[in-house]
Amino acid sequence: MKAKDFRNKLREMSEEELAAKERDLREDYFKLKFQHGVGQLENTGRLSQIRKDIARVLTAQNAKKTA
């Protein structure tokens, strides 16, 4: 999914949905970090992509809180 589409999708989500999305992304990031540490991760670019997605979710959450 492109970043622009992902941001638009996040803007439409409620605060509860954003919190759930953040929780899911953090779980995925933890699993990928563990795989990377063990040497089983094939696509290391996915780590940075998930970090960026977490930041996008946090930005959307902050925007909803201040709006």
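Each value in this text was obtained by applying a stated rule to the coordinates, not by laboratory testing. Worth saying up front: this structure is predicted, and the values here are computed from it rather than measured. FYI the Cβ positions are ideal-geometry reconstructions off the backbone, even for glycines, and counts take in every protein chain you see.
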Scan Phe6, Phe34 and give me the residue that is under 25 Å from Lys65 (Cα atoms) and among the hydrophobic types (A, V, I, L, M, F, W, C). Phe6
Cross-chain or 6+ apart pairs with Cβ under 6 Å, region 4-18 first and free of Cβ contacts under 8 Å to residues at least 60 places away in the same chain, then among the aromatic types (Phe, Trp, Tyr) and assigned to a loop (DSSP other than H, G, I, E, B): none
